[in-house]
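What follows is a single structure, written as structure tokens, with notes after it.
Coordinate-derived values only; no laboratory data. None of the values given here were measured: they were computed from a predicted structure. Positions of Cβ are generated from backbone atoms using ideal geometry, with glycine treated the same way; all protein chains shown enter the neighbour counts.
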Amino acid sequence: MSRAFNFSAGPATLPESVLLQAQSELLEWNNAGASIVELSHRGPEFIQVAAEAERNLRTLMSIPDDYAVLFLQGGATAQQALIALNFADPGQTVDYVVSGHWGKTALKQVKPYVNANVAANGEPGGFRDIPARDTWNLSKDAAYVHYTANETIHGVEFRDIPDTGDVPLVADFSSSIVSEPLDVSRFGVIYAGAQKNLGPVGVSVVIVKRELLERAGQPRAEIFDYRAHVKGESMLNTPPTYNWYLAGLVFKWMLAEGGVEEFAKRNARKSALLYGVIDNSGGFYRNEVVVGARSRMNVPFFLKDEALDKPFLKEAEAAGLISLKGHRALGGMRASIYNAMPEAGVQALANFMQDFQKRHG
Ligand code: PMP
């Protein structure tokens, strides 16, 4: 077997020990006579798995009791639409801070339902910086303010939680959740697709302040109603049990490794190493994001000469470093270095980049 260091942006690499445990439990989970993926979501086995996953995520993120935690389908994109349906009245104003591709997506999802005000937009600057808080044009009666904590494609990350006074903050943490300690009590809603830092694609986590669930929102089917999902303990319909189980294994692994404090340190070291190689390459490699807004999770970079892109990817792959091709919207390269990417993987990439430059620079 030759598992490579996988820099995919999502679905992304998972901890090897988690995959091995899942493998060992695939035929039979915990003497249940069947795999967890074959058992009813309402049976005692899965109820135990689900409850433990929630408990461990609450511990990891220090989620206060006045927040509900949901495990839902539909990906982060579905949550982007459901947020407007659940927390804003028809036609009500909502504020969006757009700092990259995914902020734009979030905005697009709510346009049919609400009056979406773009409070700030980093696009004119090529999404290379977070729009400064004092330039935001917030509405007086907004239902909420939405922002994207980490832009997976553009590689820009908020390093502070913005202050929006009494207006609830709704944040897309798809690509940076559990990467460092976070004061959950500052938010109305935090949501994330799982396929970067939490586990496999197919389940999304929504953390919502319970008092927001009292809002009327808009006419919607029960399956689009967060309140109903909370009441139904994320089992209004058949949940993605295997994905939920795997996410639960990732949470246990994170706790055993030292929790978000430990991952924050590792992630700071990993990203510093990579940006260091880029910044010290004399322009051979280039990251265009303003230093203070650089993402610790997704490092997009360009080679001086585009003609070297193909050889770079080919040689990287031969060296056991895969999925480095940048998103088609930007081109170039992107190294996604979530929690499950070991420091040895980033070191191997750093070494490869320096070596590649020596040979092609
Ligand atoms: N938000 C962010 C920040 C993302 O990175 C992604 C996916 N890459 C999405 C939203 C969309 O997620 P999904 O594909 O789970 O709907």
When Lys and Arg each count +1 and Asp and Glu each count -1, what net charge do the other residues less than 15 Å away from GLU45, Cβ to Cβ, add up to?
-3
What lysines does LYS231 reach when the alpha-carbon gap must be under 30 Å and sequence neighbours fewer than 8 apart in one chain are set aside?
LYS108, LYS111, LYS196, LYS209, LYS252
Please identify every one of the chymotrypsin sites (Phe, Trp or Tyr not before Pro) in segment 115-185 that sits in a loop by DSSP and has no more than 10 other beta carbons within 10 Å of its own beta carbon.
none
Counting only residues 5 or more apart in sequence or on a different chain, those whose built amide H sits under 5 Å from that of LEU26 are none
I want the antiparallel fraction of DSSP beta bridges within the chain, as a percent rounded to 5.
55
If one builds a Gaussian network model of the chain from Cα atoms under 10 Å apart, the most fluctuating residue listed among ALA12, ALA268, ALA318 is ALA318
Need one number: the % of Cα-Cα pairs in segment 117-227 sitting beyond the 20 Å mark.
47
Hey, can you grab everything whose amide H is under 5 Å from the amide H of VAL299? Only 5+ residues off in sequence or another chain; H modelled, so Pro and N-termini drop out.
ALA335, SER336, ILE337
Around PRO311: net Lys/Arg minus Asp/Glu count, Cβ-Cβ under 12 Å
-2
How much mean residue ellipticity at 222 nm does the chain get from its helices, if each DSSP H run of length 4 or more adds -39500 (n - 2.57) and you divide by all residues, to the nearest 500 deg cm²/dmol?
-11000 deg cm²/dmol
In a GNM of the chain with a 10 Å cut-off on Cα contacts, which of LYS108, LYS310, LYS209 has the highest mean-square fluctuation?
LYS310
Cβ-defined net charge surrounding VAL299, 10 Å radius [Lys, Arg +1; Asp, Glu -1]:
+4
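Of the lysine pairs in segment 258-360, how many meet both conditions: Cα atoms under 20 Å apart, and a spacing of 8 or more in sequence or different chains? Please list the in-between numbers first.
On the way: LYS270/LYS325; LYS304/LYS314; LYS304/LYS325; LYS304/LYS358; LYS310/LYS325; LYS310/LYS358; LYS314/LYS325; LYS314/LYS358.
Summing the qualifying lysine pairs gives 8.
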Give me the base-10 log of I(q)/I(0) for segment 258-360 at each q in 0.13, 0.16, 0.18 Å⁻¹, Debye formula, one uniform scatterer per Cα, rounded to two decimals.
-0.43, -0.66, -0.83
Two decimals is fine: what is log10 I(q)/I(0) at q = 0.09, 0.10, 0.14 Å⁻¹ for segment 16-256, from a Debye sum with one equal scatterer on every Cα and no solvent?
-0.38, -0.47, -0.89
Based on the Cα atoms of segment 12-71, what semi-axes does the equivalent ellipsoid have, where each is the square root of 5 times one gyration tensor eigenvalue, given in whole Å with the largest first?
24, 17, 8
Over what distance in Å are the Cα centres of segment 134-205 and segment 9-87 separated?
20
